[in-house]
4 protein chains.
Amino acid sequence: MLVVMRHNARPEDIQAVVATIKDMGYDARPIPGGHRTAVGIIGNDGRVDSARLEGLEGVLEVIPVTQPYKQVSREWREAETLVRFPNGTCIGGNEVVVMAGPCSVESEGQILDIAHQLRSLGVAVLRGGAFKPRTSPYAFQGLGMKGLELLARAREATGMMIVTEALDAEGASAVAEYADMIQIGTRNMQNYALLRRAGRLGKPVLLKRGMSATIDELLLAAEYILAEGNDDVVLCERGVRSFDTHTRNLLDLSAIPVVKGLSHLPIVADPSHGTGIRSMVTPMARAAVAAGADGILVEVHPDPPRALSDGAQSLYPAQFAELMQQIRVIANSIGRKLNEPLGSSTRG
Amino acid sequence: MLVVMRHNARPEDIQAVVATIKDMGYDARPIPGGHRTAVGIIGNDGRVDSARLEGLEGVLEVIPVTQPYKQVSREWREAETLVRFPNGTCIGGNEVVVMAGPCSVESEGQILDIAHQLRSLGVAVLRGGAFKPRTSPYAFQGLGMKGLELLARAREATGMMIVTEALDAEGASAVAEYADMIQIGTRNMQNYALLRRAGRLGKPVLLKRGMSATIDELLLAAEYILAEGNDDVVLCERGVRSFDTHTRNLLDLSAIPVVKGLSHLPIVADPSHGTGIRSMVTPMARAAVAAGADGILVEVHPDPPRALSDGAQSLYPAQFAELMQQIRVIANSIGRKLNEPLGSSTRG
Amino acid sequence: MLVVMRHNARPEDIQAVVATIKDMGYDARPIPGGHRTAVGIIGNDGRVDSARLEGLEGVLEVIPVTQPYKQVSREWREAETLVRFPNGTCIGGNEVVVMAGPCSVESEGQILDIAHQLRSLGVAVLRGGAFKPRTSPYAFQGLGMKGLELLARAREATGMMIVTEALDAEGASAVAEYADMIQIGTRNMQNYALLRRAGRLGKPVLLKRGMSATIDELLLAAEYILAEGNDDVVLCERGVRSFDTHTRNLLDLSAIPVVKGLSHLPIVADPSHGTGIRSMVTPMARAAVAAGADGILVEVHPDPPRALSDGAQSLYPAQFAELMQQIRVIANSIGRKLNEPLGSSTRG
Amino acid sequence: MLVVMRHNARPEDIQAVVATIKDMGYDARPIPGGHRTAVGIIGNDGRVDSARLEGLEGVLEVIPVTQPYKQVSREWREAETLVRFPNGTCIGGNEVVVMAGPCSVESEGQILDIAHQLRSLGVAVLRGGAFKPRTSPYAFQGLGMKGLELLARAREATGMMIVTEALDAEGASAVAEYADMIQIGTRNMQNYALLRRAGRLGKPVLLKRGMSATIDELLLAAEYILAEGNDDVVLCERGVRSFDTHTRNLLDLSAIPVVKGLSHLPIVADPSHGTGIRSMVTPMARAAVAAGADGILVEVHPDPPRALSDGAQSLYPAQFAELMQQIRVIANSIGRKLNEPLGSSTRG
């Protein structure tokens, strides 16, 4: 951390900064320059609270030099984290993992129908919401526990792994019991009670980026989970808030190479929520794979116009089948391949 | 709600839209125009899920005409909501209510010291964090239950009302027991489990705007609380995410007149979190009152350089005293006055 | 256009809206609903100025239904615009066009060296700045006219087409004389004097999206050029302002499918300015092609560490060669191919 | 400037950084730390181009320590810049200067009528557009030279100073001939040809912040004008792009205290464009004065519903009169007063 002094800071201001740093338990090194002095903080572990320094006389700004996170950092662990599942799927390695399914679990028929269709296309991870966070209190809130049971039934029937969202600490325990990966949604990225609980349940966690979270904040949220002893975290870019109203969110694909540089954790993209518009899901899903995503999360519904939620952004099964063919080629163009441990009827 | 068709939409596309609207239980009215046809939805109550329509052939866009919220709307209730407290303070009426105190409760000495100082300046509501949501898992997380007890002691000693944050549903019950107003922080604005719980605890709720929440989303979050039967909600603008790095957030004071136009709920501003910089708290606090805020939330610490959190944005007591004098005049300039039910030693 | 009335609007308010619309020369159609009345404007051509209506008593909001632009719209012209160049390159058709070169023209040796290298890799359009818009008045501002001459010399030597930026109306004439496509940069997207001049010079225009321009504003800026009689406009997504500081801008690839839906104009992406970081240029260039871009604009420098501007985001020639191979496969995966009219030594 | 190395940077990487800095003509000082080494750049004047360093092996990031601007900085000149006008008005001192008038000059009757009304309310600076930058090529573009003549006539008739916008370098010369202050609009904040010309015309310049310009970019744009020898620059906050659609822009009042800390230049606010909605102009104008603005720019029209542009955000004269009374009190509350050199009939 570097404390930059104003050009007219007095010697006693600099002394006060040095004294405060020492009082905080670190060592201080003043660095005189042509225009101004800066004071380096030595011996810290990246977790210095800068607030105390920012308010001192003569201080222009406090610049963090060390990253604020630790265990999620690639400097902490160089090798990629591989998140492995019982059915052979592995997120974070050379394979690109497709997770697909409806926005919400609506009925046994619906979820089994789509699960079988997806499996026949080579998909090994099924997504589907049982607990739905909705902006309006009057919108459909999901089937709850019943939805979890139906997802478990789809797993039995197909061998697919299940990922579904938990909305609070109690719900996380239920999800951990039925599902193979606990999803923490964008609205809960900084729900620390939920992050901590998810860190203690022994199941991989899919952590979605908050609607306007910086990448550092996303990594710090993941740090909460790792700090509880759970290293199996998959990050997910799902669109950030922006000023254009043509799409629901702005899918920030540059987050993929940025995260790859900073962290060893895998990162996937969700082009369905990231755009909110069916016709844009396919191009942005392809783009995510081309940008180096470790996987994608795609909403597919057997009958989108009758979906109880997010119908406008759900692909028809036939559109999804075409997407699978395209991303298989794109993955190959960068030396990767699609994860298809359960086999696929569409491959020649 | 208005479904706008593409200019080349076919008659059968329009028919499909009409049929879908009827299938959803509403009435449809096609409105032919020069360039295109639009289809109005009649008989809906503002809660139509547009997704099903957006995905239909020939649809250009679906425009919500009715507002998505209901009980929080000024169309639902014209008169201002007045949130009343046992010590005579009332938020939402003609008085501007100042809520002040340290970021975190740190010790009995600290909280009693500042409470007495603030009370002597006329402040009737004490803020202070017991449970602290922190971006980093390694930062100080607050005194927890012990903090609540110390806040209650400060209330006994001064007669001030207490507002403090709850981080999850369980914590909300504890806060409701000790405090006079439950604060829901910016990171939890869409934590629906917490919103619902807060709606059932019989205490006023201070709901902070999410870091990139639209005003409609803020009002929808409040709707979750009102839908549980609790009308005593005070909204709080506390800065939104923006692209400039000179301030921690961008305090959106225009939210104040916008909310006043849309809703009957009171709205206050938090210039401390809204700027993150001590020297900007005073000008922005004045601006908030000038813009018509029903109150302000200000961090004041007896010794900011030694604060355990947010020291850089906490005012010194003397700075706060000067602010009180300035906003007293500003409130008068627009026909309001400061809430000072407990008396003030600084008034002449 | 739809004028939505407040739920408590009086009949005379609605009458005033109807009268104002008629006074503006259009026809008005009131549409009564359950909660409120809306008034449709009939017979307009999409260019109604809503300001006069927004301020009337009882008006809640004015919703544009018709798009604000006209000639750029896909409703105005269904077929893709094809922008053709003398050397056979065509932007907007089935081929993906790569435009590459250094940020600035620095010397004859530099520009000829890189032009020959790029041509040998199959690139048919050379980019390079002669007039540089710089945030600081003290930064290198380009070689000016001398730079234009060097670019023309590179064209003679290689057969490549030249695209370079004009900063003002006079400069545009000079650029039109020497180059094959006039670039209008992000800072000048709404410099209407420049747009109009560029529309009258008879050369294709590459129009970059402003740093926080909405897609509608980008299309309206293009409309200024088409309104002068020049249909040969290529749009360029180059990153928008966002809140994360890890990249210089946020490359908004979703703009590509959005523009494709709204307009017949071609759209390319600039991953170099869009990220500002060399290691991210390749993944984002691939992603742009996968998302359906009609081309990409990439900075390549023979010796990036010694570049006079933007060295940190320039690819080394070897990195660029690898990128070409990857995007050739990606273009094929979606049924397109790379534009390589001049031949390429790397194709097998 | 500080070059932060990756924790695993090799000694030869650090050597390469040091060598590059020396090659650039500066001195380098490596600062070893617990986790990583940083390299300080000594002897630079704040104008180092970091791009060359950012791309080197082992470099994590390059952190600017010195500010990128110079003459606009408060470190360059401590005392406030006072921009003085012939009629006694002075911007940047203790007085708060109100600049008011219609969006566009529409006719002699209109401009003289409103000028007389405003003058009788104590306003000494008249604003009004002759050249209008419009997002759509089909919207009213202003009266041009005729508008400048009408403004000059209003000056003769009332003694008020005139501020009006120039759209390009040629127009700036015309504006400088007729008006007392040249306005550079938000779309042209980085139109460097225009900035340079405005810097050479010998008239004060009102420089509006770009729609998504950071404060550093605003100051750098002003630096272009000062670099030409013109110190009389007044900055103007007029709202930045944000994600909420209830207002046209987000008026960033925190820019006022931020600019006051960084620069000696005066800063005013434009609540009319900053909100776009008549009912919000008054509260935000009050808030701007309370936040410490050196002045405000307000649109007032004798008959807003018939305005040719921006009618929805123009105040009625009676609303403006009330605003003047309120801000007179608010200015007093912070030890300032309103600029009223021409006298005012409303002061009692």
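The values are calculated or read from the model by the stated rules, or taken from the named source; none is laboratory data. Keep in mind the model is a prediction, meaning the values are calculated, not measured. A quick note on method: Cβ atoms are made from the backbone with ideal geometry, for glycine too, and the neighbour counts reach across all protein chains shown.
Here are the numbers for the structure shown:
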read-out	value
Yes/no for B:Leu60 being at pLDDT below 90, crowded, with 23+ Cβ neighbours inside 10 Å and under 30 Å from B:Val3 (Cα atoms)	no
Selected residue [closer than 24 Å to A:Thr245 by Cβ and more than 10 Å from the chain's Cα centre (by Cα)] from C:Leu226, C:Leu219	C:Leu226
Helices (runs of 4 or more DSSP H) contained entirely in the stretch D:249-348, each with at least 1 residues that are free of Cβ contacts under 8 Å to residues at least 24 places away in the same chain	D:278-290, D:317-333
Filtered residues of the stretch D:1-36 (kept if among the basic types (Lys, Arg) and either crowded, with 18+ Cβ neighbours inside 10 Å or in a loop (DSSP other than H, G, I, E, B) (or both))	D:Arg6, D:Arg10, D:Arg36
Residue in the stretch D:207-218 that is surrounded by fewer than 21 Cβ atoms within 10 Å (Cβ to Cβ) and touching a Pro at 6+ places or on another chain (Cβ under 7 Å) present	yes
Yes/no for B:Thr164 being closer than 30 Å to B:Met324 by Cβ and crowded, with 24+ Cβ neighbours inside 10 Å	yes
Test: residue in the stretch C:298-312 that is among the hydrophobic types (A, V, I, L, M, F, W, C) and under 21 Å from the mean Cα position of the chain (by Cα)	yes
Answer residue from the stretch C:267-308, given it is in contact with an Asp or Glu (Cβ under 7 Å, 6 or more places away or on another chain) and surrounded by fewer than 24 Cβ atoms within 10 Å (Cβ to Cβ) and is modelled with the highest pLDDT among those	C:Pro302
Candidate set: the stretch D:127-141, residues that are crowded, with 20+ Cβ neighbours inside 10 Å and either closer than 16 Å to D:His273 by Cα or not assigned by TED's automatic domain parsing to the domain that holds D:Ser107 (or both); chosen: the one nearest to the chain's Cα centre (by Cα)	D:Arg127
Where A:Phe320 falls short, out of the listed (1) crowded, with 24+ Cβ neighbours inside 10 Å; (2) in contact with a strand residue (DSSP E or B) (Cβ under 6 Å, 6 or more places away or on another chain); (3) away from chain B (no Cβ under 14 Å); (4) within 20 Å of A:Ile91 (Cα to Cα)	(4)
Residue check, C:Gly147 more than 24 Å from C:Cys90 (Cβ to Cβ) and in contact (Cβ under 8 Å) with a residue 12 or more places away in the chain	yes
Sole residue being in contact (Cβ under 8 Å) with a residue 12 or more places away in the chain, part of a helix (DSSP H, G or I) and within 38 Å of the chain's Cα centre (by Cα), chosen from C:Leu53, C:Leu60	C:Leu53
Any chance B:Val268 is under 20 Å from the mean Cα position of the chain (by Cα) and among the aliphatic types (A, V, I, L, M)	yes
Spans of helices (runs of 4 or more DSSP H) in the stretch B:92-203 with at least 1 residues more than 14 Å from chain A (Cβ to nearest Cβ)	B:108-120, B:145-158, B:169-178
Answer residue from the stretch C:171-180, given it is over 11 Å from C:Val125 (Cβ atoms) and of a type outside the set (Phe, Trp, Tyr) and is surrounded by the fewest Cβ atoms within 10 Å (Cβ to Cβ) among those	C:Glu177
The listed residue being closer than 22 Å to A:Val205 by Cβ, assigned by TED's automatic domain parsing to the domain that holds A:Met181, buried (at least 22 other Cβ atoms within 10 Å of the Cβ) and not acidic (Asp, Glu), out of A:Gly144, A:Gly93, A:Gly101	A:Gly101
Matching residues, the stretch C:290-317, being in contact with a helix residue (DSSP H, G or I) (Cβ under 6 Å, 6 or more places away or on another chain) and at the interface with another protein chain (Cβ under 8 Å from one of its Cβ atoms)	C:Ala290, C:Ala291, C:Gly292, C:Pro304, C:Pro305, C:Asp310, C:Gly311, C:Ala312, C:Gln313, C:Ser314
Any hit, the stretch C:226-242, residues being part of a helix (DSSP H, G or I) and either in contact with a helix residue (DSSP H, G or I) (Cβ under 6 Å, 6 or more places away or on another chain) or closer than 27 Å to C:Leu194 by Cα (or both)	yes
Residue in the stretch B:65-85 that is surrounded by the fewest Cβ atoms within 10 Å (Cβ to Cβ), counting only those that are away from chain C (no Cβ under 14 Å) and charged (D, E, K, R)	B:Arg84
Residues of the stretch A:210-234 that turn out to be more than 10 Å from every other protein chain (Cβ to nearest Cβ), under 19 Å from A:Thr164 (Cβ atoms) and in contact with a Lys or Arg (Cβ under 9 Å, 6 or more places away or on another chain), as a count	2
Residue satisfying all of: in the stretch C:237-261; more than 12 Å from chain D (Cβ to nearest Cβ) and touching a Lys or Arg at 6+ places or on another chain (Cβ under 6 Å); surrounded by the fewest Cβ atoms within 10 Å (Cβ to Cβ) among these	C:Arg238
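Residues are listed down the side, and each one gets a yes or a no for (1) surrounded by fewer than 24 Cβ atoms within 10 Å (Cβ to Cβ); (2) modelled with pLDDT under 95; (3) not assigned by TED's automatic domain parsing to the domain that holds A:Asp303:
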| site | (1), (2), (3) |
| --- | --- |
| A:Ile114 | no, no, no |
| A:Arg119 | yes, no, no |
| A:Gly159 | yes, no, no |
| A:Ala169 | yes, yes, no |
